[in-house]
Amino acid sequence: MLFNTIYFSLFFSCIFFLYWIVLGKNRNQQNIFLLTASYFFYSCWDWRFLFLLLFSTFLDYFSGIQIAKHFDKKRKYWLWLSIIINLSFLGVFKYYNFFISSFSEVLNTFGISFSPLLLNIVLPVGISFYTFHGLSYVIDVYHQKIKPEKKIIDYSLFVSFFPLLVAGPIERASHLLPQIKKNRTFNYTQTVDGLKQILWGWFKKAVIADQCAVIANDIFANYEEHNGGTLLLGAICFAFQIYGDFSGYSDMALGTARMLGFELLKNFNFPYFSKNIAEFWRKWHISLSSWFRDYLYIPLGGSRTSKLKIIRNTFIIFIVSGFWHGANWTFIIWGAINAIFILPTVLKSEKTVDKSDKITFKSIFQIIGTFFVTVIAWVFFRSETVSDAFYYIYKIFFNFSWIDYRISYILLILIPLFIIIEWKGRNDNYAIEKSSQHTWLNYLFYYFLVGLIFVFAGENQKFIYFQF
Amino acid sequence: MKTFVVKISFFLIPIFLLAYPIDLIISKNLAKSETHAQFEYHTWNDIYNENIDDSLIFIGNSRSRSQISPFIIEKTTGISAYNMGMDGQQFELQYLRWKEYKKNNAPKYVVSIVDIFFLSENAGIYNHEQFLPYALNNKNYENYLLNKNTFDYLDFKIPLIRYYGEQQSIITSLKNCFKQSYRGSTSKGYYPSEEKWNDNNTTPYNVEIQPRIKDIYLKFIKECKNEGIKIIMVYPPEYISSDKIILNKSSIIDSLKAIATQNNLNFIDFSKCSLNKDQTKFYNYTHLNKKGAEIFSSMLGDSLKIKFYSVF
């Protein structure tokens, strides 16, 4: 059930009214109701993998209790049991075929013939996200940052809360669990705010992302036939596609949760207005990058270590992050490229890093430069193979001429309009958070957005991050 | 909560109230389009405006639509004819068009243009835009267009839903706002192609007859018999390379002939006619170009006249 469909609108409308009107006075009933709705939501994708979600939930719930119960080696035992089992499931479903095929290719290079048995399995939707939910909980309990959750309903809701179940944001137990355990009362401002964020997210996904996807898919599928200018256009369209798609989804998730009285972690903070790659990664998929920072980068020593180790840690984080996105060398190289470009900023001392928000010619140049670097890196993210990506980039630089692709005039109007609205709202939680003082003007703008969504929603593309 | 419900209602009520009139306006103006949805609106409009009072109707896919000139058939046989062929659609959706046509019309004769593909099933719906103006609250559309990864149940029930994201159709509709209403087509459903040979496909494949689609065809035959409508099955010419490309071609033709025999229908087979060897009359291995279509229409008219003089 995609967020940007009428079926989800009907589903959520029923949930919303039952949640507040019928169950509004009883928090426990609300939690049970949300949990049931979340499992139903997940079952609509594929009911078979509901059992995997349940298993992962019970494993981490039980591990958390056992970790807190013991003060000896058993704490570590339960921690590693949870980590190994969770990562094993992730490994089998997501990475088995990649590893076994790569291993086979290495053997073939040495003249050893090996035909591996490949698994023909579907990747369970959201497995990367809910696995990391559970892991962060178990690790936080181990480090005594939080107490283990005794109520199975509350913990299960933390893992399976439907707005964030299939594509994040990756929540922390210390942030979401207290909200689950707290009484929630209907708040008009919060609800309207959530609805506005859903509307904006829908616009980003249905109009910006899906319109750009048509061009990006066409150019990437036939990249050999196009010149460098067109290929650059394709890469830029993909940059807008992935941003509109993922941040749009996140906005809808955050807005949906807000309408139910929950505040989820902000996942995007206008990353394409960043002045360097380090800033970009503070603003792109924030929940994932902060997860890797807290559970991988800092335990490895973070930035408080020798320069060589900083470089090592940076590369590990970004390569693992790339790998998290998919079982393909293209994602690993994408991660490595980001690591290379972030290193100068990471190696600089904190005092010398410019975090000012002043707009100057220099900052505009930096924004455009950073955007260009991310566009080139996205080519690896989008390409099917490493050689495709290299050839694509080669053509951009060494076969550059004017674009030979017909772009619709609609997109030429919508993209600049989108950039202007995002720029205007870059200091807010989402671009249209601040409303006008005139109600009629606000209504007019919302009808305008609804109209744009209705007319210009592109051919419905799957959310990109569902495949992760 | 009360304030929220009131305010959201204020916001949504205009949308709900205007949905149906807007749907009507978009549908009406979209159906005026000369070229959108590959000219299929002409035939649909002729059906709904009851412009088809011809005695002889051709049904089929593009091998009917682009290969049979009703004007040549009329000249040869003396019987008024209309071509209801649907580009890219196999029998299930041809039957949908037939059912819509039968609501207000009834021919005396139906020529069913059959081929290798017509009892197979397409994934999805090709050229789904042709159905948009007429789909709301239409039970036949709902029965035959659902579950094909294109339309949802709500598309047939709630105004405007099916137009969500149909940018080209909406823009076409807006452009036609000040155009005159449709006055009937002059093509009678015939749209030949003037393309030259452009098909170098040599990858062989098999085609499967779907039992479900075959059952629909048998149902159609039975209904026509009950109403006294005479059916003639015709297999059109195909370029000779199709014999090597479509591996099970002869077994499918045999199956089609068996249907004709079992149901006492006449079957005119052009699968081995002389036209099949002349590449200049085709633009790909399954479609005649305009020149080929005119020759074939003349041949078909003669066959219909000679074979069925008593029928006509």
Q: Could you tell me whether region B:4-13 includes any residue that is touching a residue at least 24 places away in the same chain (Cβ under 8 Å) and either closer than 27 Å to B:Lys102 by Cβ or within 14 Å of chain A (Cβ to nearest Cβ) (or both)?
A: no
Q: Restrict the check to region B:79-101 and report whether at least one residue is more than 15 Å from the chain's Cα centre (by Cα), of a type outside the set (A, V, I, L, M) and closer than 22 Å to B:Pro192 by Cβ.
A: yes
(Q) Considering only residues that are in contact (Cβ under 8 Å) with a residue 24 or more places away in the chain and in a loop (DSSP other than H, G, I, E, B), which ones fall in region A:372-407? (A) A:Ser383, A:Glu384, A:Thr385, A:Asn399, A:Phe400, A:Ser401, A:Trp402, A:Ile403, A:Asp404, A:Tyr405, A:Ile407
Q) Quick one: would you say B:Thr202 is assigned to a loop (DSSP other than H, G, I, E, B) and under 30 Å from B:Val111 (Cβ atoms)? A) no
Q) Does region A:199-216 contain at least one residue that is away from chain B (no Cβ under 14 Å), assigned to a helix (DSSP H, G or I) and more than 21 Å from A:Phe381 (Cβ to Cβ)? A) yes
**Q.** Selection count where residues are touching a residue at least 60 places away in the same chain (Cβ under 8 Å), out of contact with any helix residue (DSSP H, G or I) (no Cβ under 6 Å at 6 or more places or on another chain) and farther than 15 Å from B:Thr43 by Cβ, scope region B:63-94
**A.** 6
Q) Of these, B:Glu166, B:Glu142, which one is of a type in the set (Asp, Glu), in contact with a helix residue (DSSP H, G or I) (Cβ under 9 Å, 6 or more places away or on another chain) and crowded, with 19+ Cβ neighbours inside 10 Å? A) B:Glu166
Q. Only one of B:Glu238, B:Glu208, B:Glu166, B:Glu227 is within 14 Å of chain A (Cβ to nearest Cβ) and at pLDDT 90 or above; which?
A. B:Glu166
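Results for (1) touching a Leu at 6+ places or on another chain (Cβ under 7 Å); (2) in a loop (DSSP other than H, G, I, E, B), shown as yes or no for each residue.
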{"position": "B:Glu100", "(1), (2)": "no, no"}
{"position": "B:Asn104", "(1), (2)": "no, yes"}
{"position": "B:Val110", "(1), (2)": "no, no"}
{"position": "B:Phe131", "(1), (2)": "yes, no"}
{"position": "B:Tyr144", "(1), (2)": "yes, no"}
**Q.** One residue from A:Ser174, A:Ser156 being in contact with a helix residue (DSSP H, G or I) (Cβ under 6 Å, 6 or more places away or on another chain), more than 14 Å from chain B (Cβ to nearest Cβ) and part of a helix (DSSP H, G or I)
**A.** A:Ser156
(Q) Please go through region B:111-123 and give me each residue that is surrounded by fewer than 20 Cβ atoms within 10 Å (Cβ to Cβ), within 15 Å of the chain's Cα centre (by Cα) and either within 25 Å of B:Ile22 (Cα to Cα) or not polar (S, T, N, Q) (or both), ordered by number. (A) B:Glu121
Q. Does region B:88-108 include one or more residues that are among the charged types (D, E, K, R), within 16 Å of B:Asn127 (Cα to Cα), crowded, with 19+ Cβ neighbours inside 10 Å and touching a Phe, Trp or Tyr at 6+ places or on another chain (Cβ under 9 Å)?
A. yes
Q.
So, in region A:388-417, how many residues would count as being over 15 Å from A:Leu233 (Cβ atoms) and acidic (Asp, Glu)?
A. 1
Q) Exactly one of (1) within 14 Å of chain B (Cβ to nearest Cβ); (2) exposed (fewer than 14 other Cβ atoms within 10 Å of the Cβ); (3) under 23 Å from the mean Cα position of the chain (by Cα) is unmet by A:Gly451. Its number? A) (3)
Q | Residue in region A:44-75 that is farthest from A:Gly134 (Cα to Cα), counting only those that are among the acidic types (Asp, Glu) and in a helix (DSSP H, G or I) | A | A:Asp46
Q. Taking region B:205-238 only, how many residues are assigned to a helix (DSSP H, G or I) and more than 23 Å from B:Ser303 (Cβ to Cβ)?
A. 11
Q.
So for region B:30-45 (the condition being within 14 Å of chain A (Cβ to nearest Cβ), assigned to a helix (DSSP H, G or I) and in contact with a Phe, Trp or Tyr (Cβ under 9 Å, 6 or more places away or on another chain)), does at least one residue qualify?
A. yes
Q) Only one residue in A:Val346, A:Val375, A:Val386 is within 30 Å of A:Leu199 (Cα to Cα) and either of a type in the set (A, V, I, L, M) or surrounded by 15 or more Cβ atoms within 10 Å (Cβ to Cβ) (or both), so which one is that? A) A:Val375
Q: Taking the options A:Tyr409, A:Tyr443, A:Tyr430, name whichever one is within 14 Å of chain B (Cβ to nearest Cβ) and farther than 30 Å from A:Asn227 by Cβ.
A: A:Tyr443
Q) If you take the residues of region B:14-29 that are in contact (Cβ under 8 Å) with a residue 40 or more places away in the chain and touching a helix residue (DSSP H, G or I) at 6+ places or on another chain (Cβ under 9 Å), which of them is farthest from the other protein chains (Cβ to nearest Cβ)? A) B:Lys28
Q: For region B:150-163, enumerate the residues that are at pLDDT below 90 and within 19 Å of the chain's Cα centre (by Cα).
A: B:Thr150
Q: State yes or no: is A:Ile337 closer than 19 Å to A:Ile464 by Cβ, part of a helix (DSSP H, G or I) and either touching a Gly at 6+ places or on another chain (Cβ under 6 Å) or at pLDDT below 90 (or both)?
A: no
Q.
So A:Arg406 passes all but one of these: (1) modelled with pLDDT under 90; (2) crowded, with 18+ Cβ neighbours inside 10 Å. Which condition number does it fail?
A. (2)
**Q.** A:Asn108, sole failed condition from (1) under 21 Å from A:Glu149 (Cα atoms); (2) part of a helix (DSSP H, G or I)
**A.** (1)
Q. Within region B:129-142, can one find any residue that is within 14 Å of chain A (Cβ to nearest Cβ), under 19 Å from the mean Cα position of the chain (by Cα) and on the phi > 0 side of the Ramachandran plot?
A. no
Q.
Of all residues being in contact (Cβ under 8 Å) with a residue 24 or more places away in the chain, of a type in the set (D, E, K, R) and assigned to a loop (DSSP other than H, G, I, E, B) in region A:254-304, which is farthest from A:Ile432 (Cα to Cα)? Just the residue, please.
A. A:Lys275
Q: Just name the residue that is surrounded by the most Cβ atoms within 10 Å (Cβ to Cβ) out of those in region A:3-18 that are within 11 Å of chain B (Cβ to nearest Cβ) and in a helix (DSSP H, G or I).
A: A:Phe16
Q | Residues (part of a helix (DSSP H, G or I) and either touching a His at 6+ places or on another chain (Cβ under 6 Å) or surrounded by 11 or more Cβ atoms within 10 Å (Cβ to Cβ) (or both)) located in region A:414-438 | A | A:Leu414, A:Ile415, A:Leu417, A:Phe418, A:Ile419, A:Ile420, A:Ile421, A:Glu422, A:Trp423, A:Lys424
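The values are calculated or read from the model by the stated rules, or taken from the named source; none is laboratory data. Quick caveat, the model's predicted, so the values are computed rather than measured. Every residue, glycine among them, receives a Cβ derived from its backbone with ideal geometry; neighbour counts consider all protein chains shown.
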